[in-house]
Structures are given as C-alpha cells and as structure tokens.
1. Using Cα pairs closer than 8 Å and at least 6 residues apart in sequence, work out the relative contact order for chain B, in percent.
2. Does anyone have the angle between helix A:42-63 and the longest principal axis of chain A? Alpha-carbon axes, 0 to 90°, nearest 10?
3. With a/c under 1.5 counting as rounded, go ahead and sort the stretch B:80-149 into rounded, prolate or oblate using the C-alpha gyration tensor (a ≥ b ≥ c being the square roots of the eigenvalues; past the cut-off, prolate if a/b is larger than b/c, else oblate).
4. Given labels modelled 7 Å from the Cα in the Cβ direction, how far is it in nm from residue A:39 to residue A:81?
5. Quick one: P(r) of the stretch A:77-118 from all Cα-Cα pairs, 10 Å bins, percents rounded to integers, in order of increasing distance.
6. Label points 7 Å out from Cα along the Cβ direction at residue B:36 and residue A:269: separation in nm?
7. Can you list the equivalent-ellipsoid semi-axes of the stretch A:145-294, largest first and in whole Å, using the square root of 5 times each Cα gyration tensor eigenvalue?
8. Quick one: if the Förster radius is 25 Å, what FRET efficiency do residue A:181 and residue A:110 give, using the C-beta to C-beta distance and rounding to 0.05?
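Any read-out appearing in this document is the output of simple, stated calculations on the displayed coordinates, not a laboratory observation. Keep in mind it's a predicted model, so treat the numbers as computed, not measured. Ideal geometry is used to build each Cβ from the backbone, glycine not excepted, and the neighbour counts take in all protein chains shown.
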C-alpha cells in the first residue's frame, strides 16, 4: 500500500480513503511533543489509564487491609514463578497450572472453532439446517459456564475433560451463530455475478464464501477466544484439581488474597496478550482490503 | 457464431409480504439475435429488461418459455456487465478479473492487464475496489466481462449509476472495445441516446415486458451523441416510444371501458 501515492494523480482514485488506517493514525499522531500533543497520542492515553487504575488500586489498599497491594501481588507471583516458599509447606507453582490450562484451552478451541464454523456455514446455507440447529445453539449461548462446570464434574469427575468440554461448548455457538449470519449476509449480487460467469463451485467457496464471511468469522473467533478462556477459568475453579482457575481458587480458599488476585491478573493478562499478539495482527491482515475500518482511537480523539 | 434465442418468454413474480399482488415482468417475449451484432433493449422501468438479461445469463428461471445463449449449438460463455460493478471488495482489481477466468497463469494475468489497459486502468491492477471511484469500478466490470472472451456479452444499464460525464466516457471505452472484439451483445438501457450511439438494432419493450418494436440502426461507427444522424435516429426512436405510450394508454382506456 505504500506506493499508493504513485496513483494520486489518477482521476477518480480515492487517495484519501486509500491511505491505510495506520498511515492516517501516524499522520494524526505527528506533532510537537506538548502536553496537548501527548494527550492526542493513543499510547499515552492508554498509559495514563493504566497509571490511573494502579493509583486507584494502591489508594484502596491504603484504606482497606483486605485488598492486597500491587507490590504484594508482584512478590507473590515471583514466589510462584520461582517455586519459592509461601511459608509452611506451601511452595510456588506456576508453569504446571499455566501449561495445563493453555493445553486445555488450545484443545478446546481446536475442536470448538472448526465444529462451530462448519455448523455455522451449514446453518447459513440451509434454512432446514438453521431450523435444526438454531435452538440448540441459542441454548448453548444462554447457558452460563458455571452450569457446564457442575455438569462436567458430574459426567467426568474432576478431570481435564470438563474444562476442555466447556471451551468447546463455548466456542461452538459463537462461531456458529456469527458464521451463519455471515453466510446469509453475503451480497446476492456477487452470487449472481459468479453464477452468470460460470465460476466453479470450489473457487466460489474459497473466494466468495471465505471472503464474505471473514468479518463475522472474526467476530465469532474473538468471542470464542474470550468467552472460552472465561469458561475455562470457571470450570477449573469449580470442577478441576489443576490449572489456572484451580490455582486461583486454591489461594482464595487459603485466604491468601495476593495469590488469588495475582492469578486473576495473570488470567486477564493472558487473554489480552492473545488478543493483541494473535487476533489483532491477524484481523489487520485479513481486512487489509477494507479501507474504511471502524474508527481508530486516534480519529475518535 | 453466437445466437441468443428467446421464445415466448414470460416471468411472473409471485406475491410477497411486501407486495401482495403478483408482478408480470415479462409477458411473452420473442427475439432472436445472431452474429456479431450489438442489440439494445430499450424500455421504461418495469418493462422487464433486467429480468430478460438475468434469464439469458441463467441466474433466474423463466415462468414459461425459454431463453438460450448458444455458441455453435453448445451453451455460450457469458460476459455480464451489471448496473453496479459487483466486484469482490476483499480482492484486488486483478484478482477480481481472474476470479471469473478459467485459467490461472501468467498469461491470464497478462490478459487481465491487457483489458485493464483498454479501459485505462492498467495502473490500478493491485488496488482494492474501495480505492477506486464508481466510474473506475464500472470500467473494471467492463474489462472483466471481456476477459472471459465471451460469446455473448450482456450489459445491464452499466452507466445508469454514473454521472453524465463519466457515463459518456465509459460509453466511448465500451464502443472502442466492442469494435475491436465484435461480440454478440445485448445491452439493456432506458436511455435512447445510449442505445442509438451503441447499437445495430433497437428492441423496444413496453411495461409488462412485451416486445413492442424492433428497428435497425444503420449508422456508421464510431458514433457521437451530437452527430446529426444519431440525433435523427434518436428522434425516430422517441417518436415510436410516444406512439407506444399512446397505444398503451389507449389500450388501458379501452380495457377500463
């Protein structure tokens, strides 16, 4: 896209719209380093928000002894990560619960996302299939994760299958409902165009169906990632003997609030990293064609 | 040699929740087009022009009758230029062209670039449709239709959504490419000037989708809207349309009695 300026003289070309959002953002950010300039920069505002949150947290810890201070939380997590002593016979555990949770999360998504995608595509393409699956998908969407926790504990005992099942059952309806809507929203004009030119089915599926359902597919994927992770925590909390959720509950039951909060922080941090490192770049790449993305943070300012 | 055969073609749309009465789009059209001719189908809104092309293209089914586009007895390759460009927004211009192309090779890309060059868009091959103006997108639509080396070219009011200047420029492009390729073309429009400028023959449809008149346009090419002969022919078509309007009105008045 960097060579877009080469075409600026061409009649009818929407050069302004053609400029990628990133370039526009960079343009908006360029300016003298004054306080006013800083307040228009996204990174500064995000930093400010985090700083404000930390300050409020710390202020609450000074007035309320039941809320652990940030220094306590950090110290606790360091002890967990290094396997140090928490006093008595309790020692730190970090990599095992974390890797177990990530493993369950990965397996759950690897099953739930494709199954949900296939169900969604079929639902979108066939009214009959929509009638067949719609209520089931809605029930899955409506059921809170904690119900799956208890059911999974009943069915599988306190094993790894409960958390995996919860992630699967959370991912499936989000993928299905979004992709089903995506298929139905495909521009019928493009379908007609493809048929009139005799474009083969395989090419139509790849270029038209995949491209047309990409926005809704991404929405489904993001929701599946987010809510799947939440379900995992809840099911591990109530129906597992290992994992991040279990470890958070362990410290909660032991009345060690810094430990409980530290693991909850880690939980939030992980899903933020997944969103920023995996989903955001993927989405940017997939929507390179969309020259009018949702308003960027800088533009909103 | 390509042939388009339209035999007693009717299309009736059943009632819907928005429109409780059935709508007759085509009411028994008969037409035959053979060889390298450019036929304009002219008619007011509601005369079934787009429906006719869609049935020829195979994207709609007729209620009765038949429409066949044949090349040496086998189904013809269709190239369709729609009212709107109908480009895949998530594919680049050249990928949109190659999407309808059977072969995927360097040669295909070169052919796509050749047609883009013919419509004056060789520089934008790797841009996305959203980066182009409406006129440029429509030119891509025209280039795409020619890329498949169509036996029959269908054009459904391709300039109707454009401003007058852009429309005129696109007519020039279309006329130039058609003169080089000489494809059998069915061109739907409600603009008599466009029809006279581009067509060898004008078929007039009246509301309800009934063929009313069929007249040859025997004028030298290339034609310009300001040419006296073009204006004269335009007046003649309009006179016939006035007569058709009177006939339709008279018919309605008779029926009311």
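1. This gives 25 percent for chain B.
2. Taking the Cα atoms of chain A, the angle to A:42-63 is about 20 degrees.
3. Taking the square roots of the gyration eigenvalues as a ≥ b ≥ c, the stretch B:80-149 is rounded.
4. Between residue A:39 and residue A:81, the label points sit 3.6 nm apart.
5. 27, 30, 21, 15, 7, 0
6. Placing both labels 7 Å beyond Cα along the Cβ direction yields 7.4 nm.
7. Ellipsoid half-lengths, sorted descending, are 40, 18, 9 Å.
8. Approximately 0.60, to the nearest 0.05.
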